[in-house]
Amino acid sequence: GIYAQDSWTLGHVTLTPGVRFENFVGSIAARDLPAGRFVPERHFDEIKDMPNWKDISPRFGAAWDVQGNGRTALKFGVGKYMRAYTTGFADLYDPNILDTDTRTWSDLNGNNIAELNELGPSQNLTFGTKAPRRPADGIRRPYQIEMNASVQREISTGLSVNVSYFRRDYKRLISTDNVAIAPSDYTALNLISPLDGKQVTIYNLAASKRGVVDLVDNNSASNWRKYNGFDVGFTARRGKLNTFGGISTGHTLSNTCDVEDPNQTLYCDQSQYDIPLMTQVKLAGSYALPWALQISGSLQSYPGDARNASVDTGNSGNIAAEDPSLRVNWTVNNAAVRAQIPTATLTQTQIIVPLIAPGTKFLGRQNQVDVRLKRLFSFGGRSVEAQVDLYNALNANPILTQNQTFGTALDRPASVLQGRLIRVGIQAFPFARLASISSRKVPSLGYTYRSMKF
């Protein structure tokens, strides 16, 4: 990468343009692996330019000192940021894989060694072989456009307020298509939801296409993901009291309808649903008490976030829909299908069907208060700091995760906030005070030599 940046001041305005050039190149080395108990000797050829991307990323920032006295500032920034990768992209297409399978074993000859003729059938249809997967010709590196605008104001001495707006647009999202399967290979089956009795449509794959895989990754023309958010923060210093904090609110909306499996298109366009802004509050401060004591604390309040989907599905660049709301997932297998359609046979092992729309159901808020009391003691040039911490001082117990699979265990808590915790600590500073510092000029060398004694 090569990066250039400059700063120009025009009156009360400062401009900071910049540009970055990046060349990202990956490869898969040639490998020879010896034979194992169940696999022969293997050779893998080198794969070059996996990938070979060249990108230019411009950046621009501006700040305006409105009154020229440094008390009110308007700031704006916009930039292009390429998707970060290490070896993840090349790893997707490495033909050498580590795979696992669970088999039944009958020790026929009693030698306590699992031999091939003693193992039951595989439960993994692709065990021992990697599904064909390749990047499309011309696939390009995903990136984000990030924009921010803010106003910062010093209300009075020691008190300042900042209001900001943020937006992120994710571009060139990568989607995976199984080109060996066409939409006509799926048959619609209409079932009745066990939750509310409404009709739910699932799609059954043709039996002739089971296990047929030819995956191609490409930049999606229709999938998108956007974040919009607002932050309000403050910093205040009044005598012995220092406080800071703020409110942050925003949400991410995604469209992930460009997929091969039509079972994944239900609720795929989040812009069609009422997904609220998620607001978090943070407040912290400290106060100097008599007798060299200092007390500090913090309040954190987060919205309930079920974290249903990973923001980033590995290093592939595939972006999943981020959904903080709870789901009610119905696991549809052959038994569930035949209970409603006796003549039908489901090709897939199971299909996970969300029974409620995103933004419908949420966990409760998570509120936590932490408190610290500390004091510094000095003993003849040495310092010792003693402190007592009280985490989750109010012993709050909000639910962090809960079962979202439809059935008797639906909504059963899986984890709660850790209970009240007390920690006592001591820090010793044996050389807290310098006894003397001396310096002298070394003319022949042109620098000052300093020596310190404790």
Query - Stretch gain in nm, segment Asp214-Asn96, where the contour uses 0.36 nm per residue and the Cα spacing is subtracted - result: 40.8 nm
Query raised in the report: Hey, with R₀ at 22 Å, roughly what FRET efficiency would Ser301 and Arg420 work out to, going by the Cβ-Cβ distance, to 0.05?
Result: 0.80
Query raised in the report: Which value in Å is the Kirkwood Rh of region 54-97 over different Cα pairs?
Result: 14.5 Å
Query - region 216-300: trypsin sites (Lys or Arg not before Pro) in DSSP coil with no more than 14 other Cβ atoms inside 10 Å - result: Lys240
Query raised in the report: Toward the positive end of the charge dipole of the chain, about the Cα centre and with charges on Cβ (Lys, Arg +1; Asp, Glu -1), which of Ala414, Leu119, Leu74 goes farthest?
Result: Leu74
Query raised in the report: How do the peptides 169-175, 82-88 rank, highest first, by the average count of neighbouring beta carbon atoms within 10 Å per residue?
Result: 169-175, 82-88
Report summary line: Listed by chain and number, the lysines with an alpha carbon less than 29 angstrom from that of Lys226, same-chain partners under 8 positions apart left out, are Lys54, Lys75, Lys80, Lys171, Lys282, Lys361
Query raised in the report: With the Cα gyration tensor of region 78-165 giving a ≥ b ≥ c as the square roots of its eigenvalues, does the rule (a/c under 1.5 for rounded; else a/b larger than b/c for prolate; else oblate) give rounded, prolate or oblate?
Result: prolate
Query - Mean separation of Cα contacts under 8 Å, 6 or more apart, over the residue count of region 29-108: relative contact order % - result: 20 percent
Requested in this report: Express in Å², to the nearest 10, the accessible area of Arg59 obtained by rolling a 1.4 Å probe over the protein heavy atoms while all chains stay in place.
Outcome: 50 Å²
Query raised in the report: Direction-averaged shadow area of the convex hull around the Cα atoms of the chain, nm²?
Result: 37.3 nm²
Report summary line: Dividing the helical contributions, -39500 (n - 2.57) per DSSP H run of n ≥ 4, by the residues of the chain yields a 222 nm value, nearest 500 deg cm²/dmol, of -500 deg cm²/dmol
Query raised in the report: When all alpha-carbon pairs of region 233-391 are counted, what percent fall beyond 25 Å?
Result: 57 percent
Query raised in the report: How much of the calculated P(r) for region 169-312 lies past 20 Å, in percent of all Cα pairs?
Result: 68 percent
Query raised in the report: Along the three principal axes, how long is region 1-118 when you take its alpha carbons, biggest first, rounded to the nearest angstrom?
Result: 90, 31, 13
Requested in this report: Counting only C-alpha contacts under 8 Å and six or more residues apart, can you give the relative contact order of the chain as a whole percent?
Outcome: 9 percent
Requested in this report: Place the peptides 243-252, 98-107, 415-424, 148-157 in order of packing, highest mean first, counting for every residue the other Cβ atoms within 10 Å and averaging per peptide.
Outcome: 243-252, 148-157, 415-424, 98-107
Report task. Could you work out the relative contact order of region 68-161, using alpha carbon pairs under 8 angstrom and six or more residues apart, expressed as a whole percent? Result -> 50 percent
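The values are calculated or read from the model by the stated rules, or taken from the named source; none is laboratory data. Keep in mind that this is a model prediction, so the values were computed, not measured. Note: ideal-geometry Cβ built from the backbone for every residue, glycine included; neighbour counts use all protein chains shown. We work out accessible area using only protein heavy atoms, side chains counted, and drop any ligands, DNA or RNA first. Shrake-Rupley method; radii C 1.70, N 1.55, O 1.52, S 1.80 Å.
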